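Asker: I am attaching a structure below and will ask some questions about it afterwards.
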Amino acid sequence: LPTYTLLGQEVARLPFIVDTSLGHEILHSWFGNSVYVDPREGNWSEGLTTYLADHLYKEQKGLGRDYRHRLLADYQSYVHKDRAMPLSGFRFRTDRPSKAIGYGKGAMLFHMLKQEIGKDAFYKALKKFVMDYRFRTAGWSELKAVFSDIGKKDLSVFFDQWLERKDVPILSIKKEGITYPGSGHQGLKVTVRQGTESPYSLSVPLVLETTFGEVRRNVRVEHEKESMEIEIKGQPLSVTLDPDYDLMRSLEPSEFPPVLSRLLGSEHKFFVLPLQNSEVYCQFAVFLRSLGFKEKSIDSLMTGSDLNKGSLLILGDPAPRLERLTGAMPDPGSGVIITVRENPINPAGVVAVVKADSSRQLDLILKKLPHYGYYSTLRFEDGKLVRKDTAGTRNGIRLVLQTEVMGTAASDLSPIDRIINDISEKQVIYIGECHDNFSHHMAQLRIIQGLDRLDHPLAVGMEMFQRPFQHVLDRYLKGQIDEKTFLKESKYLERWRYDYQLYRPIIQYCREHDIPVLALNLPEEISKKVARKGLESLSDEELRQVPEDLDWSNTAYKTRLRRIFEKHPESGVRNFNDFYQAQILWDETMAQNVHDYMKNNPGRQIVVLAGNGHIAFGDGIPSRTYRRGKYDQAIIANVTGNKPEQGMADFFLFPPMMQPPFSARLGVILDEEDNGVVLKKVMRNSPAQKSGLKSGDLLLSFDGEPVKDISGLKLALLFKKEGDTAVIEVKRKKRFARDKILKFTAGPFKPMEMTFHHPRKVKKIKR
């Protein structure tokens, strides 16, 4: 009936009706039942009542921002390009996409309208609208006229864009520079971009965090690219667009949590039945098919492209190959537990696991599930919801401009012996490094020596060695092979490539003092393959070398890795998601190897040596080791040349710069070709140039030993001392004559400047 809403006894007894729906339906007595909706212009009443009732309830509890975030998340989950329609096209709810448009986008329109004309004018206009059109039909055009009149501004552009466009704004922000006009003031230059085909006219809330506090303002953004300079006091630390979700817009990945609605709304969604106890999930599978899910086998998922373009629901205990996508999942106990996580293969999608102890428990929740779309974890017992959680996200589109200046009192600085004493009872100690900084390695050695003197049973784990070569490390430490054989058989010079002289003192100390050294890292073949083709490219044999329990949930770590990835386009890895998967495998493998050693050697203490990036903030190896064994841990970061950040480590070391040990250099850039190692470039005034070597020479031998690859030459140079010489045999091409075999004496070798290259660039290296 057009002027009557009935809530029957069976409905009114439900708890959520009184808490939410009742207010919504009461408001319809004014909006929809008193002022009638003009169907020719679309249905404005559902968006308005949602805003004035559902949103108001949350706002009164201090949860208005969360509710608006939920509306945006629902819209992004369900409304895809082929399902999008303008708000003016909404008549009534038929499915989740239409609800996200008519109720969600409609509510956001009225929220933005209140921001546009002010709270007082907004409610005054509503009263006038009700009085003017009571028991009459009204559409969006009448709403626009009333709000324009009371708000005393032309709202044509506002209503036209929000009613007639199918898309929503996509915003980003970029720092252009900081000016210093003096008198304690600074100017921040930023550019706000819109990613839609044509720009919106927007009033964008902006929050500037400065050393003097927060500055809030709204900025007009009406073009595809809007540059602006904002004068502020103090130094700018960060700028955030729309932190309270006052705009109807697209969420950034860091704002978009892995929630159930992303699974249910995915354009391509699949499910996998368990290998065991599949009968528990048979009826649930029927329900999933009715929602548009397609059943897949594990083999087809791992070898096909489905995971790259959609979302996956795993029923029951994941098979080992799939568990690497989800990590360990909790058991339901009695009832049902649903866990949703980001799809590591396709960040636009999610991976979810449903575990139940019986088919009956699943039957009790079938019709309820779509109503809990905003949650990442759900637990039901006998059909009753007992737990609901949403994964945390960042609020707003945030750009960090600079971190706060950190300092410490001189009296708080501790000598390294005091730090050693403070960590002496820790089970796992992580010491970070910049790989090419010798002073960092000497600080690591100092701590190893200090702990060793305390007579703790000690081991050292090293990122620099890969797990398959543990037996080579063991043989060398026991004195069964010499150093040259050790380096050759461990393939250190091929796989790590940083100068071995940097790590030699640590290895030698462990050898002399009977301290086990663990090869922690993943085989290079696997990490390279994943970095280029993704996790799904691994064979069954390769997957057996990867830990089963992988955690993809740390969004802060992912954000830091993305910044690193974007700064190093020369790495050769084009897809960030594949790079991210490789990094997680790297961290998880090292954590698993530390855990396995500790489990098999109770009472021992282990020092883990790894790059600062793998230990900072505990995100890489430390948190993943702790997840496995709840160890008492300490993180120490070497920060020479880096800025320490709060929470980055438990202790910071500031070692003085030290000259690394002498390492003989020829002063050439090499390339491995089919016929051998070729000199691509000979550096000026280098031992190579002085000896007569030229670009294009093919290396044949070094001191009588054949040179088959770059690592062979590096190994030979490693054992040259300052003042030594070397006889080098090359083949030199002659243009109009037969190639010549020539011998040259290079040296005496002296210290020379060395340019370090990225450890993953294989072909060219200066020697």
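Asker: Using modelled backbone amide H atoms (1.01 Å from N, in-plane), which distant-in-sequence or interchain residues come within less than 5 Å of ASN638's amide H?
Answerer: GLY432, GLU433, LEU653
Asker: Next question. Starting from one equal scatterer on each C-alpha and no solvent at all, send me the Debye-based log10 I(q)/I(0) for region 594-651 at q = 0.13, 0.18, 0.30 Å⁻¹, two decimals.
Answerer: Values returned for q = 0.13, 0.18, 0.30 Å⁻¹ are -0.35, -0.63, -1.37.
Asker: On to the next question. Over 5 Å intervals from 0, what percent of Cα-Cα pairs in region 124-197 sits in each interval?
Answerer: So the P(r) values, bin by bin, are 3, 12, 15, 12, 10, 10, 10, 10, 8, 5, 3, 1, 0.
Asker: Would you calculate a helix-derived [θ] at 222 nm for the chain, using -39,500 (n - 2.57) for each DSSP H run of n ≥ 4 and dividing by the full residue count, to the nearest 500?
Answerer: -9000 deg cm²/dmol
Asker: Which three numbers, in whole Å and largest first, are the semi-axes of the equivalent ellipsoid of region 171-251 derived from its Cα gyration tensor as √(5λ)?
Answerer: Output for region 171-251: semi-axes of 24, 14, 9 Å.
Asker: Suppose R0 equals 60 Å; then what is the FRET efficiency for ARG65 and ASN675 from their Cβ-Cβ distance, rounded to the nearest 0.05?
Answerer: Using R0 = 60 Å, I get an efficiency of 0.35.
Asker: Can you work out the FRET efficiency for the pair THR179 and SER141, with r the C-beta to C-beta distance and R0 = 45 Å, to the nearest 0.05?
Answerer: According to the calculation, E is roughly 0.45.
Asker: Do any trypsin sites (Lys or Arg not before Pro) in region 101-155 lie in a loop, going by DSSP, with at most 12 other beta-carbon atoms within 10 Å of their beta carbon, and if so which?
Answerer: ARG134, ARG136, LYS152
Asker: Same structure again: With N denoting the number of residues in region 547-651, provide Rg(C-alpha) divided by 2.2 N^0.38 Å, to two decimal places.
Answerer: Relative to the rule-of-thumb radius for its length, region 547-651 sits at 1.12.
Asker: What FRET efficiency, computed as 1/(1 + (r/R0)^6) with R0 = 51 Å and r the Cβ-Cβ distance, is obtained for LEU399 and ARG360, rounded to the nearest 0.05?
Answerer: With a Förster radius of 51 Å, E is 0.50.
Asker: Given contacts defined as C-alpha pairs under 8 Å and at least six residues apart, what's the relative contact order of the chain, whole-number percent?
Answerer: Computed value for the chain: 9 percent relative contact order.
Asker: On to the next question. Relative to the Cα centre, what is the charge dipole magnitude of the chain, using +1 at the beta carbon of each Lys and Arg, -1 at the beta carbon of each Asp and Glu, and rounding to the nearest 20 debye?
Answerer: It works out to roughly 2000 debye.
Asker: Between VAL727 and SER539, what length in nm is gained on full extension when 0.36 nm per residue of separation is reduced by their alpha carbon distance?
Answerer: Full-extension gain reported as 63.1 nm.
Asker: Would you please classify the overall shape of region 225-306 from the alpha carbon gyration tensor, given that a ≥ b ≥ c denote the square roots of the eigenvalues, rounded means a/c under 1.5, and beyond that prolate means a/b larger than b/c while oblate covers the rest?
Answerer: Because a/c hits 1.5 or more and a/b exceeds b/c, region 225-306 counts as prolate.
Asker: Moving on to the next point. Multiply the residue gap between GLU197 and MET406 by 0.36 nm, knock off their C-alpha separation, and tell me the result in nm, one decimal place.
Answerer: Here the answer is 70.9 nm.
Asker: Right, here's the next one. Please give me, ordered by residue number, the chymotrypsin sites (Phe, Trp or Tyr not before Pro) of region 75-127 that lie in loop per DSSP and have at most 14 other Cβ atoms within 10 Å.
Answerer: The qualifying sites are PHE92.
Asker: Still on this structure: Kirkwood hydrodynamic radius for region 88-131: how many Å is it when counted over pairs of different Cα atoms?
Answerer: One decimal place: 11.6 Å for the Kirkwood radius.
Asker: Please list, by residue number, every one of the trypsin sites (Lys or Arg not before Pro) in region 27-99 that is coil in DSSP and has at most 16 other beta-carbon atoms within 10 Å.
Answerer: LYS61, ARG91, ARG93
Asker: With charges set only on the Cβ (+1 for Lys and Arg, -1 for Asp and Glu), what does the dipole of region 9-164 come to about its Cα centre, in debye to the nearest 20?
Answerer: 220
Asker: Using the 10 angstrom Cβ neighbour count as an exposure proxy, how do SER376, SER238 rank, fewest first?
Answerer: With the fewest neighbours first, SER376, SER238 line up as SER238, SER376.
Asker: Would you list the P(r) distribution for region 263-389, with all Cα-Cα distances sorted into 10 Å bins from 0 and each bin expressed as a whole %?
Answerer: For region 263-389, the pair-distance distribution reads 13, 50, 33, 4.
Asker: Could you tell me the center-to-center distance, by alpha carbons, between region 337-369 and region 201-259 in angstrom?
Answerer: 35
Asker: Still on this structure, I have one more. So if I take the centroid of the Cα atoms in region 112-129 and the same for region 436-478, what is the distance between those two points in Å?
Answerer: Region 112-129 and region 436-478 have Cα centres separated by 69 Å.
Asker: If the label point is 7 Å along Cα→Cβ of GLU214, which residues in region 386-418 have backbone nitrogen under 13 Å from it?
Answerer: Only 395-396 pass the distance filter.
Asker: For region 16-105, divide the Cα radius of gyration by the Kirkwood radius and give the resulting Rg/Rh value with two decimals.
Answerer: 0.97
Asker: For the chain, which DSSP H helices look membrane-span-like by this rule: Cα extent along the axis of 20 Å or more and mean Kyte-Doolittle of at least -0.5?
Answerer: TM-like helix candidates: 119-133, 438-453.
Asker: Hey, another quick one. Determine, for HIS28, HIS371, HIS614, HIS456, the number of other Cβ atoms within 10 Å of each Cβ, and report the residues in order from fewest to most.
Answerer: So the residues, fewest neighbours to most, are HIS371, HIS456, HIS28, HIS614.
Asker: With point charges of +1 on the Cβ of Lys and Arg and -1 on the Cβ of Asp and Glu, referenced to the Cα centre of the chain, which listed residue (LEU22, GLN592, VAL354) lies farthest in the positive direction of the dipole?
Answerer: The listed residue farthest towards the positive side: GLN592.
Asker: Would you be so kind as to identify which of SER254, SER490, HIS55 lies farthest towards the positive end of the dipole of the chain, taking Lys and Arg as +1 and Asp and Glu as -1 on Cβ and the Cα centre as origin?
Answerer: SER490
Asker: Using the basic label-point model (7 angstrom from Cα toward the beta carbon), what is the LYS294 to ILE741 distance in nanometres?
Answerer: Placing both labels 7 Å along Cα→Cβ, they lie 6.3 nm apart.
Asker: Something else about it: Give me the extension gain from GLU524 to LYS384: residue separation times 0.36 nm, minus the current Cα-Cα distance, reported in nm with one decimal.
Answerer: 45.5 nm
Asker: What fraction, in whole percent, of alpha-carbon pairs in region 347-434 exceed 17 Å separation?
Answerer: Everything past 17 Å amounts to 73 percent.
Asker: Specify whether the C-alpha gyration tensor of region 9-164 places it in the rounded, prolate or oblate class, a ≥ b ≥ c being the square roots of the eigenvalues: rounded for a/c under 1.5, otherwise prolate if a/b is larger than b/c and oblate if not.
Answerer: Since a/c stays below 1.5, the shape of region 9-164 is classed as rounded.
Asker: How would GLU541, GLU489 line up from fewest to most surrounding beta-carbon atoms within 10 angstrom?
Answerer: GLU541, GLU489
Asker: With an 8 Å cut-off on Cα pairs and a minimum separation of 6 or more residues, tell me the relative contact order of region 263-389 in percent.
Answerer: 26
Asker: Per residue and in Å³, how big is the convex hull formed by the alpha-carbon atoms of the chain?
Answerer: 221
Coordinate-derived values only; no laboratory data. Computed from a prediction, not measured in an experiment: that's the story for all the values here. In this analysis, Cβ positions are derived from the backbone assuming ideal geometry, glycine residues included, and neighbour counts consider all displayed protein chains.
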